[in-house]
Amino acid sequence: MMDLIQENELSAILIRSEANIFYFTGYRGPGYLLVPLNGEPKLYVYPLDFEAAKTYVRGGIEVEELSMTARVENVVEGLPDEVKSRLGFDSLNAEDYLRLSALLSHESLKPASEIVWKLRMIKDRSEIENIERACDIASKAMDLASEMLEEGVMESEVKAEVLEEMFKLGADGAAFDIIVASGSRSSMPHGAPGSRLMREGDVVVVDLGAIFEGYCSDMTRTFYIGENPPEEVVKIYEMVLEAKNLAEESVKPWTLSSALYDKVYDRLAAMGYADRFIHGLGHGVGIEIHEPPKISKIGKEMIQENMVITIEPGIYLPGKFGVRIEDTLLVEKDGVRRLTSAPYTLTPY
């Protein structure tokens, strides 16, 4: 961290994002973490969170209790001039930015979120172990979801049972609002809230993830309720699975993230479905469910060893159905290792 602060000619970084504070300190909650180039890091928290911060902060970081009415400028104003001369920040709302700008001048405030992402994108062994556990929980939850998919079952019933199963398996909770989108609702990538009853002939997209010790997982499977899926559904499913396999086979360290997207887009274009692939190919996963690298048309990051990413191509036919298949993957020296697991079959298993 200090090397990156120096390399970017900053005097300190003020970290506001709760995810970043957790990454550096082990404490989950609001506050302000100041990391000076010269000196010791300090975590500032409000009285409500002081005991929790003192309990969970690791690495000998000093914790200071703020007054209940303190604001971000109160944290910064008393700092030595050499600390606040070129102050980087990771995430400030507009109001806090304006307050700090009035205190320090615009020239002294420098966006620095990329410095943190350089560190967070590459996972260490303990982070990978937590993500592996989150993936194992998600995979077991997908098994349960598959068992429940049949005519007359409500989408919300599946969501409720899956969430309960995650908790039973030791999850902190769901990584995002679980998606169970059946029938024509499966053509909406994020589904839609509701209590639709599933029927024979439905395509059902199930997208879920768990959190374990603060780290996320993400996976999607698509199912068909009934004996004989229509030819069009089978064709689209096989196309999406082929695109996913192509992408996974192409992931190697030092591959440009946008190049992975382009390869899948071109394959789907050759099959006449590029305009029905309406989102990115994947994303990083860690403390947050969506992290860099962004694997999309505008992705600028190079894939590197020990990144954890998703690959999730999808094809969506509005008003009819959609198909998406997704796994969480660990990038290794020679390719990827799937961390989530569930059969690739249209039929609930």
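The values are calculated or read from the model by the stated rules, or taken from the named source; none is laboratory data. All figures in this text were calculated on a predicted structure; none of them were measured in a lab. Methodologically, a virtual Cβ is constructed for each residue, glycine included, from the backbone with ideal geometry; neighbour enumeration extends over all protein chains shown. For accessibility, only protein heavy atoms count, side chains too; no ligands or nucleic acids. Shrake-Rupley method; radii C 1.70, N 1.55, O 1.52, S 1.80 Å.
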Tell me whether region 63-79 contains one or more residues that are more than 31 Å from the chain's Cα centre (by Cα), open to solvent by 20 Å² or more (accessible area, probe 1.4 Å), at pLDDT below 90 and not hydrophobic (A, V, I, L, M, F, W, C). yes
Per-region count, region 147-180, residues without any contact (Cβ under 8 Å) to a residue 40 or more places away in the chain and at positive phi: 1
Would you check which residues across region 86-100 are loosely packed, with under 15 Cβ neighbours inside 10 Å and either within 22 Å of Tyr27 (Cβ to Cβ) or of a type in the set (S, T, N, Q) (or both) and list them? Asn93
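Can you tell me how many residues within region 1-30 are without any contact (Cβ under 8 Å) to a residue 40 or more places away in the chain, open to solvent by less than 40 Å² (accessible area, probe 1.4 Å) and of a type in the set (S, T, N, Q)?
Within region 1-30, the subset without any contact (Cβ under 8 Å) to a residue 40 or more places away in the chain is 2-3, 6-7, 18, 21, 24-27, 29-30.
Those still in the list that are open to solvent by less than 40 Å² (accessible area, probe 1.4 Å) too: 21, 25-27, 29.
Restricting the remaining residues to those that are of a type in the set (S, T, N, Q) gives 25.
Summing the residues that are without any contact (Cβ under 8 Å) to a residue 40 or more places away in the chain, open to solvent by less than 40 Å² (accessible area, probe 1.4 Å) and of a type in the set (S, T, N, Q) in region 1-30 gives 1.
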Restricting region 138-164 to residues that are closer than 17 Å to Thr347 by Cα and more than 25 Å from the chain's Cα centre (by Cα), which is surrounded by the fewest Cβ atoms within 10 Å (Cβ to Cβ)? Gly152
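Any idea how many residues of region 280-299 are part of a loop (DSSP other than H, G, I, E, B), under 15 Å from Leu260 (Cβ atoms) and touching a Lys or Arg at 6+ places or on another chain (Cβ under 8 Å)? Explain how you work it out, then say what you get.
Going residue by residue through region 280-299, those that are part of a loop (DSSP other than H, G, I, E, B) are 280-281, 285-290, 296-299.
If we keep only those that are under 15 Å from Leu260 (Cβ atoms) as well, we get 280-281, 296-299.
Checking the rest, the ones that are also touching a Lys or Arg at 6+ places or on another chain (Cβ under 8 Å) come to 280.
Number of matching residues: 1.
Quick check: is even one residue across region 196-217 of a type in the set (S, T, N, Q), surrounded by 15 or more Cβ atoms within 10 Å (Cβ to Cβ) and under 22 Å from Phe167 (Cβ atoms)? So that I can check it myself, show each step before the final result.
Kept after step one, since they are of a type in the set (S, T, N, Q), are these residues of region 196-217: 217.
Next, from what is left, pick out any that are surrounded by 15 or more Cβ atoms within 10 Å (Cβ to Cβ): 217.
Now drop any that are not under 22 Å from Phe167 (Cβ atoms), which leaves 217.
Checked region 196-217: at least one residue is of a type in the set (S, T, N, Q), surrounded by 15 or more Cβ atoms within 10 Å (Cβ to Cβ) and under 22 Å from Phe167 (Cβ atoms).
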Considering only region 118-125, I want to know if a residue exists there that is surrounded by fewer than 12 Cβ atoms within 10 Å (Cβ to Cβ) and within 26 Å of Ile211 (Cα to Cα). yes
Are there any pairs, at least 6 apart or on different chains, whose C-beta atoms fall under 6 Å, with the first in region 39-64 and over 13 Å from Val75 (Cβ atoms) and assigned to a loop (DSSP other than H, G, I, E, B) and the second open to solvent by less than 50 Å² (accessible area, probe 1.4 Å) and of a type in the set (Ser, Thr, Tyr), and if so, which? Val57/Thr25; Val57/Tyr27; Ile61/Thr25
Residues that are of a type in the set (Asp, Glu) and within 29 Å of Asn228 (Cα to Cα), drawn from region 324-349: Glu326, Asp327
Can you work out which of the residues in region 320-334 that are open to solvent by 10 Å² or more (accessible area, probe 1.4 Å) and at pLDDT 95 or above is farthest from the chain's Cα centre (by Cα)? Lys320
Read through the list (1) part of a loop (DSSP other than H, G, I, E, B); (2) in contact (Cβ under 8 Å) with a residue 24 or more places away in the chain, then give the number of the only condition that Leu34 fails. (1)
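In this structure, does Tyr349 turn out to be in contact with a Pro (Cβ under 7 Å, 6 or more places away or on another chain) and either closer than 23 Å to Leu149 by Cα or part of a loop (DSSP other than H, G, I, E, B) (or both)? Step through it out loud before you land on a result.
Working: in contact with a Pro (Cβ under 7 Å, 6 or more places away or on another chain): yes; either closer than 23 Å to Leu149 by Cα or part of a loop (DSSP other than H, G, I, E, B) (or both): yes.
Answer is yes for this residue.
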Cβ-Cβ below 6 Å, separation at least six or inter-chain, first residue in region 242-261 and among the aromatic types (Phe, Trp, Tyr), second not in a loop (DSSP other than H, G, I, E, B): which pairs? Trp254/Met302; Tyr261/Ile295
Could you check region 60-112 and list, in sequence order, the residues that are more than 26 Å from Pro47 (Cα to Cα), of a type in the set (S, T, N, Q) and out of contact with any strand residue (DSSP E or B) (no Cβ under 8 Å at 6 or more places or on another chain)? Ser85, Ser105
Of everything in region 257-301 that's open to solvent by 70 Å² or more (accessible area, probe 1.4 Å) and not charged (D, E, K, R), which residue is farthest from Met219 (Cα to Cα)? Ala270
